[in-house]
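The structure under discussion appears below in the form of structure tokens.
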Amino acid sequence: MKTKVLIIGACGQIGTELTHKLRDIYGIDNVVASDIRKLNNDVVNNGIFEVINALDYNQIEHLIEQYQITDVYLMAALLSATAEKNPAFAWDLNMNSLFHVLNLAKAGKIKKIFWPSSIAVFGPTTPRINTPQYTIMEPTTVYGISKQTGERWCEYYNKQYGVDVRSIRYPGLISWTTEPGGGTTDYAVDIYHKALSDGAFECFLSEDTALPMMYMDDAIRATIEIMQADEDKIKIRSSYNLSGVSFTPKEIATEIKKHIPDFTITYKPDFRQKIADSWPASIDDSNAREDWQWKHQFDLASMTIEMLENLK
Ligand code: AKB
């Protein structure tokens, strides 16, 4: 059966690059991008685009039937920092959009789902260094609670109803095409923009706050690889740990200084510091490496070169 893809939340940080890649792979006529807003960008202008509310089951069902969709990538979500400001809506969006696509798969209307989880599923009682796949998980943010709950439901729908849902716990993602939307790891994108525009950056996390991060090219490749893997290789149906690089604000600033020697950084931690302090510093992703042969490519040095060159 021909793969026909629907991306929900296609204009966000991940959705934008994912849409481009999926259009390259499956062809422009086999990929439907959708979002709640119609921006004037490549996602909207260079292929099929539909305005859709991820909370509207009937709208999603209608699009799936209209375009005979087989695979859904559900990228719409409120991220950690934004979710803390609007907990009720974050819970509603992050949970009910997931239930909609899980139920559509249960009803046999789609074949496969990609749903992103996050390092936010971990909490202050989780071992912080090289955090294992299976460990203590007591998230303290609304976003983290919604992602952990979502993971449980994904596994439940797979075990009880045979729904083919696949998921990755994304670390902080760094990209130059689209800005991130309200996460705790967003500083690691903003720092490159400010380094080029102002030569200076004020960081909302303290200098030694280490967090797991990943260059977007690696994250998109991981997303495609887990979706294209044979079904029996996907042994974890909650969500896979995924690791790229880990660094502190001080370390990324030092790397940027190699290219922009006069660059300066100052630190003014805000409410996001507490969120970052509750998350892992680094991740053990050996299950993903073993089950579907995941391997990251970008380290801090190569990512910094790419970011600065592309943003210039
Ligand atoms: C966030 O900071 O909220 C996200 C994430 C780690 O899931 N980037």
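The values are calculated or read from the model by the stated rules, or taken from the named source; none is laboratory data. All of these numbers come straight from a predicted model, not from anything done at the bench. Quick reminder, even Gly has a Cβ in these numbers, built from the backbone with ideal geometry, and neighbours come from all protein chains shown. The area values use the complete protein model at the heavy-atom level, side chains included, leaving out ligands, DNA and RNA. Shrake-Rupley method; radii C 1.70, N 1.55, O 1.52, S 1.80 Å.
Expressed as a whole percent, the accessible area of region 187-290 that falls on carbon and sulfur atoms is 47 (1.4 Å probe).
Only helical runs count toward this figure. For the chain, summing -39,500 (n - 2.57) over DSSP H runs of n ≥ 4 and dividing by all residues gives -13000 deg cm²/dmol at 222 nm.
Straight-line reach only, C-alpha to C-alpha below 14 angstrom: list the aspartates and glutamates that Lys38 could link to, leaving out same-chain residues fewer than 8 apart. Within reach: Glu50. If only the Cβ of Lys and Arg carry +1 and only the Cβ of Asp and Glu carry -1, the dipole of the chain around its Cα centre is close to 560 debye.
Leaving ligands, DNA and RNA out of it, rank Trp153, Trp294 by accessible area with a 1.4 Å probe, largest first. Could the numbers behind the result be given before it?
On the way: Trp153 95, Trp294 5 Å².
In descending accessible area the options line up as Trp153, Trp294.
At 1.4 Å probe radius, can you tell me the per residue accessible area of the chain in Å²?
Working: 13060 Å² over 312 residues.
Averaged over the residues of the chain, the accessible area is 42 Å².
Among the protein heavy atoms of region 1-136, carbon and sulfur supply 51% of the accessible surface, probe 1.4 Å, non-protein parts ignored. Volume per residue for the chain equals 121 cubic angstrom (convex hull of Cα atoms).
Report the Cα centroid-to-centroid distance between region 49-89 and region 1-30 in angstrom, as an integer. Result: 14 Å between the Cα centres. Taking Lys106, Lys233, Lys147 and ordering them by how much accessible surface each has at a 1.4 Å probe, largest first, produces Lys106, Lys233, Lys147. The largest accessible area among Lys21, Lys112 belongs to the first residue in Lys21, Lys112, and the rest follow in falling order (1.4 Å probe, all chains).
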